[in-house]
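Written below as structure tokens is the structure these notes are about.
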Amino acid sequence: EQMARRACAGMECFDLLHVGLAFANIGEIRLRIGDLAGAEDAFTKAEELGASVMPGRARLQMLQGRPAAAAVLINSALAGEPWDRLGRTRLLPDQVSITLAVEDLDTARRAATEFNTVSAALRQQGAARCRQMHPW
């Protein structure tokens with residue numbers, strides 16, 4: 001967190017998007033140590049600077065006892081990334097746990113299936129690239 005804050009201080013005058021990403025990381029750190037107010041503040045600052053704070057914002061909603069709001073956030077985030085397989089894999093595990101919390105079993109099942117499918121495809125692509133680089 002200290003490194004992210006130093007980066008923010010050094011770049012705030014000329015690279016707002018990366019400062020926003022640093023604040024999103026600070027929000028994740030705050031969330032992990034249980035500082036929900038600190039996470040909220042960091043996520044808000046990150047959003048103001050144009051950075052995505054998903055899935056952290058949805059996890060924060062869950063921890064604040066608002067699973068329905070969390071489901072709306074995570075579902076909207078995934079709807080906004082239909083073409084980015086790697087980006088979706090970052091969000092899908094949270095979609096599974098959040099939609100299970102609101103008992104939306106169909107969405108949870110679809111998210112788990114998509115995650116497994118995309119993960120397998122990415123592993124296969126990685127293995128193929130590895131074999132191309134090192135045929136022995």
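The values are calculated or read from the model by the stated rules, or taken from the named source; none is laboratory data. Just so it is clear, the model here is predicted, and its values are computed rather than measured. Note that each Cβ is placed from the backbone with ideal geometry, even for glycine, and that neighbours are counted across all protein chains shown. With ligands, DNA and RNA removed, areas are computed over all heavy atoms of the protein, side chains included. Shrake-Rupley method; radii C 1.70, N 1.55, O 1.52, S 1.80 Å.
Does Ala121 satisfy the criteria of being more than 28 Å from Ala4 (Cα to Cα), free of Cβ contacts under 8 Å to residues at least 60 places away in the same chain and open to solvent by less than 60 Å² (accessible area, probe 1.4 Å)? Steps first, please.
Numbers: more than 28 Å from Ala4 (Cα to Cα): yes; free of Cβ contacts under 8 Å to residues at least 60 places away in the same chain: yes; open to solvent by less than 60 Å² (accessible area, probe 1.4 Å): yes.
So Ala121 fits the description; yes.
Condition test on Ala7, is it among the aliphatic types (A, V, I, L, M) and either buried (at least 20 other Cβ atoms within 10 Å of the Cβ) or at pLDDT 95 or above (or both)?
On the way: among the aliphatic types (A, V, I, L, M): yes; either buried (at least 20 other Cβ atoms within 10 Å of the Cβ) or at pLDDT 95 or above (or both): no.
Spelling it out, it is not the case that Ala7 is among the aliphatic types (A, V, I, L, M) and either buried (at least 20 other Cβ atoms within 10 Å of the Cβ) or at pLDDT 95 or above (or both).
Under the condition of being open to solvent by 60 Å² or more (accessible area, probe 1.4 Å) and either of a type in the set (Phe, Trp, Tyr) or assigned to a helix (DSSP H, G or I) (or both), which residue from segment 74-96 is farthest from Leu60 (Cα to Cα)?
Trp83
Only one of Gly126, Gly87 is modelled with pLDDT under 95, under 16 Å from the mean Cα position of the chain (by Cα) and not polar (S, T, N, Q); which?
Working: Gly126 fails: under 16 Å from the mean Cα position of the chain (by Cα).
From the options Gly126, Gly87, the qualifying one is Gly87.
Can you tell me which residue among Ala112, Ala39 is touching a Leu at 6+ places or on another chain (Cβ under 8 Å), closer than 28 Å to Gln125 by Cβ and either open to solvent by 60 Å² or more (accessible area, probe 1.4 Å) or part of a helix (DSSP H, G or I) (or both)?
Values: Ala39 fails: closer than 28 Å to Gln125 by Cβ.
That would be Ala112, the only listed residue that is touching a Leu at 6+ places or on another chain (Cβ under 8 Å), closer than 28 Å to Gln125 by Cβ and either open to solvent by 60 Å² or more (accessible area, probe 1.4 Å) or part of a helix (DSSP H, G or I) (or both).
Quick one: in segment 97-109, of everything that is open to solvent by less than 60 Å² (accessible area, probe 1.4 Å), part of a helix (DSSP H, G or I) and not small (Gly, Ala, Ser), which residue is nearest to Gly65 (Cα to Cα)?
For segment 97-109, the residue satisfying everything is Ile98.
Looking at segment 63-73, which of the residues that are open to solvent by less than 60 Å² (accessible area, probe 1.4 Å) and in contact (Cβ under 8 Å) with a residue 24 or more places away in the chain is farthest from the chain's Cα centre (by Cα)?
Step by step, filter segment 63-73, then rank; the result is Pro67.
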